[in-house]
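Written below as structure tokens is the structure these notes are about.
The values are calculated or read from the model by the stated rules, or taken from the named source; none is laboratory data. Note that the structure is a prediction, hence the values are computed from the model and not measured. For neighbour counting, all protein chains shown are included, and Cβ atoms are generated from backbone atoms with ideal geometry for every residue, glycine included.
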Amino acid sequence: MTSENSRKMTYRIKKNFNTQNFKRPLYIFLWLAFTIFLFYIFPIKVLAVESDLKDEKEKEKKVLTLNECINLSLRIHPELKSANALKNAAGAQLTQTISTYYPQVSFRSIYNRAVSHNVVVSSGVIAQRGTNNSDAYSTTMSLNQNIYDFGRTHYDVMAAKENLNARKYDILTTSDGIILDIKKNYYEAIAAEKVLEVNIETVSQQELHLKQAIGFYRVGRRSKIEVTKAEVDLAKAKLELIKSENAVKLSRVTLANSIGLSESFDYALDSEIRFVELKMDIDRALLYARAHRPEILKMKANQGYYKAIIAGAKADWYPTLTGSANYGYNDSNFVFDQISWGWGLALNFDVFTGGRRNAIIKESKENMVSISALSERLWQDIYLEVQQAYLNLVDARRRITMLEKSLDQARENFSLAQARYEVGLGDNLEFTDARLALQQSKTDLIKAILDYQMARSSLEKAVGLTIVRKKKAE
């Protein structure tokens, strides 16, 4: 009995020991896993989600300013890329012309192998057959230098420089046009957003007015026709809201196109319309335009180009003096036994060219006459452009002053009409007229400020004052 009891106790102890050995580590492992997930993995996931949401909110809050639009366009616009490429090509042409000043060094190495077969025929029978081989090696290094050509190369370089300057002014002209388009489209996009805000506010006011009309109708203070009229006015306000929403989308697409983007963008615009007055009298504007408009400067560069062409053609009447030197060897073996060298001077003079030089001079003079006439017409167009932009600027400034007063009066009138309607003293017609007057005053002021900004941008472009030249001056 004693042995049996001891065996049972031993089995019971082993069973309990084995059970505890398997369960406790499992509980500990599960507890550790849960702790790690709760305090480490789960917070990381939450932080990642919060970070993504934060990035999305920051992207939504990203405001694309006017200067950022201009700077972006100056980097990516296709027309500017084309203008820059033409300028680089003109620079390469200038480098080619300047290279005439420097010595021209050439190296030439020739190897010839000649094989001849000799056959002697006697009485119709080949009596003798032979083969002769000969090798020829020739290596020469030559140097040629233009010593004096009576300024012909100098005038060619001057013409190439003027051509390069004309291409640079083309870039400025293209930049001015692009910047003006971006400014106008940017202001139009802001104005469209402002009009949308006005229409949203109008719809809210009209919805409140409809609720008031329904309430008055239910208590018998207003007739059914006023409710119907309020519903019609609300429908008209919503229709204007739909139009303004579409106008915002179209203005953004137009702005993206003027920047040089193939697709629209989702960034917000700097919708705050800042009225900054430009103080410039018309005489100062015209003087500045004559000195800084890139089109005028390009015309002057073209005149300088043809003057250089004429001077070069006249220099072609005189001879050119060149020098040459060479060093090399010529032998039948690849050795330096027969070395030769030499130098010399050459005087070249074209006695008769069939009238080519006179024709070049006449062509260049006629082109200069054409440029002078085009310059005169260009200044007339610039004068008109400056005058129109300046008058539009003055007109917009006067309208802004009047419309600010009109808007204050319209707000006061609307507040009175709304208060009168709420207490039952006013009718629906009075409220509608006041609301429409307020809406029109807000829209007119937005458009007047927009017109002022556009007129200012047009005047800056007309006189040649753009961001490009501002940066160069800085």
Quick check on my filter: what residues within segment 277-316 are in a loop (DSSP other than H, G, I, E, B) and either in contact with a Leu (Cβ under 9 Å, 6 or more places away or on another chain) or in contact (Cβ under 8 Å) with a residue 60 or more places away in the chain (or both)?
Glu277, Leu278, Met280, Arg293, Asp316
Residues being in contact with a helix residue (DSSP H, G or I) (Cβ under 9 Å, 6 or more places away or on another chain) and loosely packed, with under 12 Cβ neighbours inside 10 Å: count how many of those fall in segment 91-115.
3
Which residue pairs have Cβ atoms under 7 Å apart, sit 6 or more places apart or on different chains, and have a first residue in segment 242-271 that is of a type in the set (Gly, Ala, Ser) and a second that is surrounded by fewer than 14 Cβ atoms within 10 Å (Cβ to Cβ) and in a helix (DSSP H, G or I)?
Gly260/Ile76; Gly260/Pro78
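Quick grid of which residues meet (1) outside the structural domain of Ile178 (by TED's automatic domain parsing); (2) of a type outside the set (S, T, N, Q); (3) farther than 13 Å from Asp176 by Cα; (4) at pLDDT below 75:
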site: Asp444; (1), (2), (3), (4): no, yes, yes, no
site: Leu450; (1), (2), (3), (4): no, yes, yes, no
site: Ser457; (1), (2), (3), (4): no, no, no, no
site: Gly464; (1), (2), (3), (4): no, yes, no, no
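Yes or no, residue by residue, for (1) closer than 30 Å to Ile339 by Cβ; (2) modelled with pLDDT under 85:
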{"position": "Gln93", "(1), (2)": "no, no"}
{"position": "His117", "(1), (2)": "no, yes"}
{"position": "Asn133", "(1), (2)": "yes, yes"}
{"position": "Thr140", "(1), (2)": "yes, no"}
{"position": "Asn146", "(1), (2)": "yes, no"}
{"position": "Phe150", "(1), (2)": "no, no"}
Within segment 223-241, of all residues that are more than 19 Å from Val198 (Cα to Cα) and in contact (Cβ under 8 Å) with a residue 40 or more places away in the chain, the one surrounded by the most Cβ atoms within 10 Å (Cβ to Cβ) is Glu226
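So that you can scan it fast, the table gives a plain yes or no per residue for (1) of a type in the set (D, E, K, R); (2) surrounded by fewer than 16 Cβ atoms within 10 Å (Cβ to Cβ):
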site	(1), (2)
Tyr148	no, yes
Arg152	yes, no
Ala159	no, no
Ala191	no, no
His209	no, no
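This table checks each residue for (1) in a helix (DSSP H, G or I); (2) in contact (Cβ under 8 Å) with a residue 40 or more places away in the chain; (3) among the acidic types (Asp, Glu).
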site	(1), (2), (3)
Gln387	yes, yes, no
Glu404	yes, yes, yes
Glu412	yes, no, yes
Ser415	yes, no, no
Would you check which residues across segment 363-377 are in contact with a helix residue (DSSP H, G or I) (Cβ under 6 Å, 6 or more places away or on another chain) and touching a residue at least 60 places away in the same chain (Cβ under 8 Å) and list them?
Asn367, Met368, Ile371, Ser375
With respect to Lys211, is the statement that it is in contact with a Lys or Arg (Cβ under 9 Å, 6 or more places away or on another chain), in the same structural domain as Lys168 (by TED's automatic domain parsing), among the basic types (Lys, Arg) and in a helix (DSSP H, G or I) true?
no
